[in-house]
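A short worksheet on the structure shown next.
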Amino acid sequence: MIRPVPSRREAIADDLRHQISTGHFKAGERLPSEAQLATRYTVSTPTLRSALALLQGEGLVEKIHGSGNFVRRPLRRITYLGGVVELATWITFSAPLRVTTRTTTIEAHSHLATLLNVPPRSPLTEVLHIAHEGKTPHSLARIYFPRDLAPADLTAATPAPERIAARLAAPRPLLTEVQERLSARLPTQEEATALRISTSLAVLSLTRVATDATGRVVEAALLLLPGDRGDALFTTCLSPEERTPRA
């Protein structure tokens, strides 16, 4: 069987990938400039950038505007636990991750109005969480509540993330249904900028909507995990009857 000859960009990416894996280029190290690499591989700058884009999409290389391309340090993975669990479970991180948090009162635009099943321009409380590992943004979460159902005093001040997590875990209306929609997609430019990732790196996008016994949406969350550091785990517990093989 004849194997296809790799393109120049694939060959360059393979060589750089090998140099990274063998430690020739170490984590956190700046790669030679794009002009230097293009000269080294005798290719045009667009071809060289295309090769680097492959590595950026894999999460091996990080391009920092105005500074160059750097070997990305291995990042801690986050596992989102699906099911009827408090969102605080997802947002309570352990060292070395740190969380920046902001709470804001906003009006429900068309997408959020539909998501929370509220009239357009209804007041909502938005809780924005960005997790960082060192200086690198790690993951992003936006949690929304109808204003009258937001945990008490959530926007009264700017509390520490631990206190916000505790408030989110405080007793609230009993949840009877949680719908979660998970998809893999490319990030928007805004999301890529916030997470400092390439627009070619796939992300896990999870939309979670929780309702109470009356059918009212009590919270909705939009979670974003870059594919090079995020997993989603869903566990189904079966009753004895469901575990019994059918004849």
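The values are calculated or read from the model by the stated rules, or taken from the named source; none is laboratory data. Worth saying up front: this structure is predicted, and the values here are computed from it rather than measured. So basically every Cβ, Gly included, is an ideal-geometry build from the backbone, and we count neighbours across all protein chains shown.
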Original post:
Do we find that ALA38 is surrounded by 16 or more Cβ atoms within 10 Å (Cβ to Cβ), modelled with pLDDT of 75 or more and assigned to a helix (DSSP H, G or I) in this structure?
Top reply: yes
**OP:** Return yes when ARG142 is under 19 Å from THR79 (Cα atoms) and at pLDDT 90 or above and no when it is not.
**Re:** yes
Subject >> Unmet requirement for ALA11, which otherwise passes all of (1) at pLDDT 90 or above; (2) under 28 Å from LEU204 (Cα atoms) >> reply: (2)
Subject >> THR235, sole failed condition from (1) within 22 Å of GLY82 (Cα to Cα); (2) modelled with pLDDT of 90 or more; (3) polar (S, T, N, Q) >> reply: (2)
**OP:** Scan the range 143-155 and report the pairs whose first residue is outside the structural domain of THR207 (by TED's automatic domain parsing) and closer than 14 Å to THR211 by Cα and whose second residue is part of a helix (DSSP H, G or I) and modelled with pLDDT of 85 or more, with Cβ atoms within less than 9 Å and a gap of 6+ or a chain change.
**Re:** none
**OP:** Search the range 4-23 for residues that are assigned to a helix (DSSP H, G or I) and pair each with any residue that is polar (S, T, N, Q) when their beta-carbon atoms are under 7 Å apart and the residues are at least 6 apart or on different chains.
**Re:** ARG8/THR47; ARG9/THR47; ARG9/SER50
Subject >> All positions within the range 182-202 that are among the hydroxyl-bearing types (Ser, Thr, Tyr) and over 21 Å from ARG73 (Cβ atoms) >> reply: SER183, THR188
Original post:
Out of all the residues in the range 197-232, which are under 12 Å from the mean Cα position of the chain (by Cα), at pLDDT below 85 and surrounded by fewer than 17 Cβ atoms within 10 Å (Cβ to Cβ)?
Top reply: ASP231, ALA232
**OP:** Kindly indicate the residue of the range 83-132 that is assigned to a strand (DSSP E or B) and of a type in the set (A, V, I, L, M) and also modelled with the lowest pLDDT among those meeting that condition.
**Re:** LEU97
**OP:** Check whether at least one residue in the range 44-56 is among the polar types (S, T, N, Q) and within 21 Å of LEU186 (Cα to Cα), and report yes or no.
**Re:** yes
